[in-house]
């Protein structure tokens, strides 16, 4: 590996790229790993040993691969295993339904930081930050697929109080870990068929959000984000919280705008949106997913679009303004492996962007040399990236190449296969 790395370093140096500096810069790009991949978005509201209720809200998990986490302790153990195989220091992203209430039923509008104390302690021990999400689905008061924009004021108020509680939980997480918690609001609200009134639900949603965000919280501890979606199952014809709605809300109120790579039309790409929206919003929450024909939340892989997103982040100098998190759930494969594949793919895209000899491509563009621009872009694709990635993994003490898969298979044999 040493010889390959030295050759790679020389090749990149010929293009003006400092490989060692690129590796060091990776520490500025933590990835928030989503808890819900580990247990198929079940959460812990149901009594131990019982399956949670129907997800609703357009969410669906396919597959029944053995070994999913059944308890918070199992989920934390699985996350520890994944983190041990991923280079760098990262974050963990929780939903409200992952509260630990000691077997006592606690309604979502009554949740508090104490119900996440063990998660906070685990994160402190691991030296990682936490992010958080209210859970506006999988609940009797969300059975209609409408929450914060509901026409019934009592239903709407329940979800408003849930949002308020979750912001306080996020702030407590941020204070305890010493790293701001991004608390992200997504609601499934919409209509399966053509609605008669598109205006009133959006007015109600805006008013509800104003109530949710009314309590001032220190941005040192909590950052508020709002997330749009094009459509969902059961909301094919109308989504209240569209991209235009939330972009306007984020601009007006100084909130983070969440861009989910699966939440747009298949011909729209988030890579093109980043430099546009960051002209107007303070920060962006980026949910990295992989839609296949629709928002299907497949495991993230090193795709052209993921590379393009990473390139925009690095070239734009947006590292401090973009919070990267994953959002997928696949129960057809080993769930721990899914985490590792998704995070490592995201990191490969980021390292590739940090190694990109962008300056010479930009110089050609500024000179009007469009032939040179295209030629250089193509030549850069075959620079010896793999040797640099392997060195990065080696420096962080995790397996390079596919060596991590052996560790996951051992974990499956010794731990996951014994869960019944």
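The values are calculated or read from the model by the stated rules, or taken from the named source; none is laboratory data. Quick caveat, the model's predicted, so the values are computed rather than measured. A quick note on method: Cβ atoms are made from the backbone with ideal geometry, for glycine too, and the neighbour counts reach across all protein chains shown.
Values computed for the structure shown
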read-out	value
Members of segment 251-265 that are exposed (fewer than 15 other Cβ atoms within 10 Å of the Cβ) and either touching a strand residue (DSSP E or B) at 6+ places or on another chain (Cβ under 9 Å) or assigned to a loop (DSSP other than H, G, I, E, B) (or both)	253, 254, 265
Filtered residues of segment 266-303 (kept if within 16 Å of the chain's Cα centre (by Cα) and part of a helix (DSSP H, G or I))	270, 271, 274
Candidates 376, 313, 306, filtered to the one that is more than 21 Å from residue 37 (Cβ to Cβ), in contact (Cβ under 8 Å) with a residue 40 or more places away in the chain and part of a helix (DSSP H, G or I)	313
Residue, surrounded by the most Cβ atoms within 10 Å (Cβ to Cβ), within segment 104-127, restricted to residues that are in contact with a strand residue (DSSP E or B) (Cβ under 9 Å, 6 or more places away or on another chain) and more than 30 Å from residue 406 (Cβ to Cβ)	116
Selected residue (criterion: nearest to residue 138 (Cα to Cα)) from residues of segment 177-189 that are touching a residue at least 60 places away in the same chain (Cβ under 8 Å) and outside any loop (DSSP other than H, G, I, E, B)	184
Selection status of residue 328, modelled with pLDDT of 95 or more and touching a strand residue (DSSP E or B) at 6+ places or on another chain (Cβ under 7 Å)	yes
Unique match (being over 26 Å from the mean Cα position of the chain (by Cα) and surrounded by 21 or more Cβ atoms within 10 Å (Cβ to Cβ)) among 162, 150	150
Sole residue being assigned to a loop (DSSP other than H, G, I, E, B), touching a helix residue (DSSP H, G or I) at 6+ places or on another chain (Cβ under 7 Å) and exposed (fewer than 14 other Cβ atoms within 10 Å of the Cβ), chosen from 397, 401, 368	401
Hits in segment 56-103 (condition: surrounded by fewer than 17 Cβ atoms within 10 Å (Cβ to Cβ), more than 19 Å from residue 398 (Cα to Cα), touching a residue at least 12 places away in the same chain (Cβ under 8 Å) and touching a helix residue (DSSP H, G or I) at 6+ places or on another chain (Cβ under 9 Å))	65, 66, 100, 101
Residue within segment 110-118 that is part of a loop (DSSP other than H, G, I, E, B) and closer than 18 Å to residue 44 by Cα present	yes
